[in-house]
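Novice: This structure is in structure tokens; I'll ask about it shortly.
The values are calculated or read from the model by the stated rules, or taken from the named source; none is laboratory data. On a predicted model such as this, the values are computed, not experimentally measured, just so you know. All Cβ positions, glycine included, derive from the backbone under ideal geometry; neighbour counts span all protein chains shown.
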Amino acid sequence: MRKEKAVLTNGGTLHNMAKCKIFVFSSCFRYLFPMPNYIRCFENGHDLFITMVTHRRNPLLVENIDSLRHAFSLCKRRYAFDLKAVVILPDHLHMIIRPEMIATYPKIVSHIKRAFVYGLKQKGMDASDVWQRRYYEHTIRNEKDFKNHFDYIHFNPVKHGWARSAREWRHSSFEKFVREGVYEKEWCDFGGNVEIGE
């Protein structure tokens, strides 16, 4: 006990020794019990919020929107799913889908990616690295969760500084929902009071 007190008064050495022991223990723990691989959730009857991002945030999507639309069209011919909301930004997209068979949604994402890459190649473009390998997926659990992600999608161009209002951005499903009475046309219209950029 005396030895511990003596060490403690010597510049907090005992504290540093304890931190070292914790570090060694945590390192051994990670080695013996590695984190499991990410397991995706497959539950029929649920909507999915999905984000896909280009490799190194390359702004390819809007300038090749025709190829991306065609990729979606080809995918819908092969897989049955409802596209409930979508926004396309230059370097990423968000969407809410409900597949007829929930287990097909990784294939839906893969098919859209591959079809878009093929479309770029048809234009003679270098399509070696187009998409980030992974994508983000969230299973929507209830009506509130759906509304939060639904609004997030349509506010996204304003959030990233690409537009001053949701209606300014042409590459989303916002106008469709204005026509259906889901949104007011002026929803998230800040009247030019949003500073765009840094």
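Novice: Here are 94, 55: which of them is touching a helix residue (DSSP H, G or I) at 6+ places or on another chain (Cβ under 6 Å) and touching a residue at least 60 places away in the same chain (Cβ under 8 Å)? Show your work before the answer.
Specialist: Values: 55 fails: touching a helix residue (DSSP H, G or I) at 6+ places or on another chain (Cβ under 6 Å).
That would be 94, the only listed residue that is touching a helix residue (DSSP H, G or I) at 6+ places or on another chain (Cβ under 6 Å) and touching a residue at least 60 places away in the same chain (Cβ under 8 Å).
Here's the yes/no breakdown for (1) more than 17 Å from the chain's Cα centre (by Cα); (2) within 25 Å of residue 157 (Cα to Cα); (3) part of a strand (DSSP E or B):
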residue	(1), (2), (3)
84	no, yes, yes
87	no, yes, yes
95	no, yes, yes
106	no, no, no
110	no, yes, no
118	yes, no, no
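Novice: Could you please give the count of residues in the stretch 67-82 that are of a type outside the set (S, T, N, Q) and touching a residue at least 40 places away in the same chain (Cβ under 8 Å)? Break it down into steps so the answer makes sense when it comes.
Specialist: In the first step, residues of the stretch 67-82 are kept if they are of a type outside the set (S, T, N, Q); the result is 68-72, 74-82.
If we keep only those that are touching a residue at least 40 places away in the same chain (Cβ under 8 Å) too, we end up with 68, 70-72, 74-75.
Count: 6.
Results for (1) in contact with a His (Cβ under 8 Å, 6 or more places away or on another chain); (2) more than 25 Å from residue 103 (Cα to Cα), shown as yes or no for each residue.
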| position | (1), (2) |
| --- | --- |
| 119 | yes, yes |
| 123 | no, yes |
| 130 | yes, no |
| 140 | yes, no |
| 143 | no, no |
| 148 | no, no |
| 155 | no, yes |
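Novice: Looking only at the stretch 173-189, which residues are assigned to a loop (DSSP other than H, G, I, E, B) and of a type outside the set (D, E, K, R)? Outline the logic, then answer.
Specialist: Of the residues in the stretch 173-189, the ones assigned to a loop (DSSP other than H, G, I, E, B) are 173, 180-189.
Within the stretch 173-189, 173, 181, 182, 183, 187, 188 qualify.
Novice: Right, next: Test of understanding: among 126, 151, which residue is in the same structural domain as residue 53 (by TED's automatic domain parsing), of a type in the set (D, E, K, R) and within 15 Å of residue 49 (Cα to Cα)?
Specialist: Working: 126 fails: within 15 Å of residue 49 (Cα to Cα).
None of the others qualify; the one that does is 151.
Novice: Which one is surrounded by the most Cβ atoms within 10 Å (Cβ to Cβ) among residues in the stretch 126-175 that are aliphatic (A, V, I, L, M) and without any contact (Cβ under 8 Å) to a residue 40 or more places away in the chain? Step through it out loud before you land on a result.
Specialist: Taking the stretch 126-175 first, the residues aliphatic (A, V, I, L, M) are 127, 130, 140, 153, 158, 163, 166.
Next cut, without any contact (Cβ under 8 Å) to a residue 40 or more places away in the chain only: 127, 158, 163, 166.
Values: 127: 17, 158: 19, 163: 23, 166: 25.
Taking the candidates together, the pick is 166.
Novice: Return the residues of the stretch 110-139 that are of a type in the set (A, V, I, L, M) and over 16 Å from residue 87 (Cβ atoms); say none if nothing qualifies. Lay out the reasoning, then the answer.
Specialist: Here is the first cut: in the stretch 110-139, the ones of a type in the set (A, V, I, L, M) are 112, 115, 117, 120, 125, 127, 130.
Result: 115, 117, 120, 125, 127, 130.
Novice: Here is a follow-up. Assess whether residue 103 counts as being of a type outside the set (S, T, N, Q), surrounded by 12 or more Cβ atoms within 10 Å (Cβ to Cβ) and modelled with pLDDT under 95.
Specialist: On the way: of a type outside the set (S, T, N, Q): yes; surrounded by 12 or more Cβ atoms within 10 Å (Cβ to Cβ): no; modelled with pLDDT under 95: yes.
No; evaluated as a whole, the condition is false for this residue.
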